[in-house]
Structures are given as structure tokens and as C-alpha cells.
1. Which is of a type in the set (A, V, I, L, M, F, W, C), more than 20 Å from the chain's Cα centre (by Cα) and part of a helix (DSSP H, G or I), of 66, 46, 109?
2. Among (1) in a helix (DSSP H, G or I); (2) over 16 Å from residue 106 (Cβ atoms), there is one condition residue 81 misses while meeting the rest; what is its number?
3. Could you list, in sequence order, the residues of the range 89-121 that are more than 30 Å from residue 64 (Cα to Cα), free of Cβ contacts under 8 Å to residues at least 12 places away in the same chain and not hydroxyl-bearing (Ser, Thr, Tyr)?
4. Only one of (1) outside any helix (DSSP H, G or I); (2) of a type outside the set (Phe, Trp, Tyr); (3) at pLDDT 95 or above; (4) buried (at least 17 other Cβ atoms within 10 Å of the Cβ) fails for residue 90. Which number is that?
5. Quick one: how many residues across the range 41-59 are in contact with a Pro (Cβ under 7 Å, 6 or more places away or on another chain) and surrounded by fewer than 20 Cβ atoms within 10 Å (Cβ to Cβ)?
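The values are calculated or read from the model by the stated rules, or taken from the named source; none is laboratory data. The structure presented is a predicted model; accordingly, all values stated were derived computationally and were not measured. Quick reminder, even Gly has a Cβ in these numbers, built from the backbone with ideal geometry, and neighbours come from all protein chains shown.
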Amino acid sequence: MQALPVTDDLTAHGLKKSGGGAAIPSEIPDPLAKLTKDEKKIWIYVTNALHEVGLVHKTDAMMLMVICKTFSNWIKAEHLLQEYMDSNGGSWMATSPNGYQQPHQSFYVARNLKKELLDWLPEAALTIPSFHKVVGERAAPAQGSLFDDPVAAHRTRKAQVGIRLVNGNGGH
């Protein structure tokens, strides 16, 4: 497994913030099962992309296995459906032995795999909305308590950005 060094900058690549506010190093997990050649390419692409923004951890291996295998199977099902459509005048409709018209079986397989994939992708921040949600939560300041002193919090924020407090009575 690869790990990035932990730094104090939580926005640095390779770190994500846990619920407790601690930095968790981004690690590319090892696959939990044997992957096909195509699945391995998907695994490398997805884990590297997530690692670059600090959104992968060794405990994500099971979820990423499901996503990679489902994506690979969906691509195969779409290819089979396209082959059927090419040999059937561009239509995915098939005629059963009793003359009933219905979509070809590969249509249903591709549809179900796509639905399953679209259910899993947000879990790994692999959709634009889910990615923005995770990154936004990580970048958002912690919510203050109802009993925090807003003046003290404002002074602290100003000090953090390098604005110093000048005490005085207006030069008198």
C-alpha cells in the first residue's frame, strides 16, 4: 500500500479529515480478490484518482472491488447488447419463440448493472455531486457551539490569516 505523509495542512493532497478532526492518510488499498486484466486497469485508474485528492483509504477496498467489477461487467453487457443491435438492424427488441416482442436479455443485464453502478458510485465520491459534497465538508470550518464567543472566534480567525490586533484609543 502507498501512503502520503501526514501534515498539518488538511487541504493537502493525501489527507482527509475524520469526524473527530484528525488527519487520515490516504492509502491505496490492495484488491481483496483477483482482478481480471480489465478490472485491474479500472482499479488502478480509480484508486489513483481518489488518492490524488485524498479520498481513498485501505478500508475502501471492498467497496472499490464492487465498483470495479460492476463497471467492467456493465461495459461487457453494453458491448453484447451493441453486437445484438448491430445484427438486428439497430434494435434491441427480440422475438420470443411464441412471437412475443420484448427487449433482448442483454438489455436487462446492462440496465441492471448500470443501476447498481450508479448506486455505488456516490459511496466512493465518484460522481460530481458526491465529490463536491465530500470536498466541501472537508473544507468547511467546524460548526461552532451555541455558547462560543463570536468575538473571540472572530479574533482567532483574523490572527490565523495574519491580521494583528491593534489596541489603542484612536491615537489620543
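1. Values: 66 fails: more than 20 Å from the chain's Cα centre (by Cα); 46 fails: more than 20 Å from the chain's Cα centre (by Cα).
Every option except 109 fails the conditions.
2. In the conditions (1) in a helix (DSSP H, G or I); (2) over 16 Å from residue 106 (Cβ atoms), residue 81 misses (2) alone.
3. Pass one, the range 89-121, residues more than 30 Å from residue 64 (Cα to Cα): 89-103.
Imposing the further condition that a residue be free of Cβ contacts under 8 Å to residues at least 12 places away in the same chain reduces the set to 89-91, 93-103.
Residues satisfying the conditions are 89, 90, 93, 94, 97, 98, 99, 101, 102, 103.
4. Tallying (1) outside any helix (DSSP H, G or I); (2) of a type outside the set (Phe, Trp, Tyr); (3) at pLDDT 95 or above; (4) buried (at least 17 other Cβ atoms within 10 Å of the Cβ), residue 90 fails exactly one: (4).
5. 1
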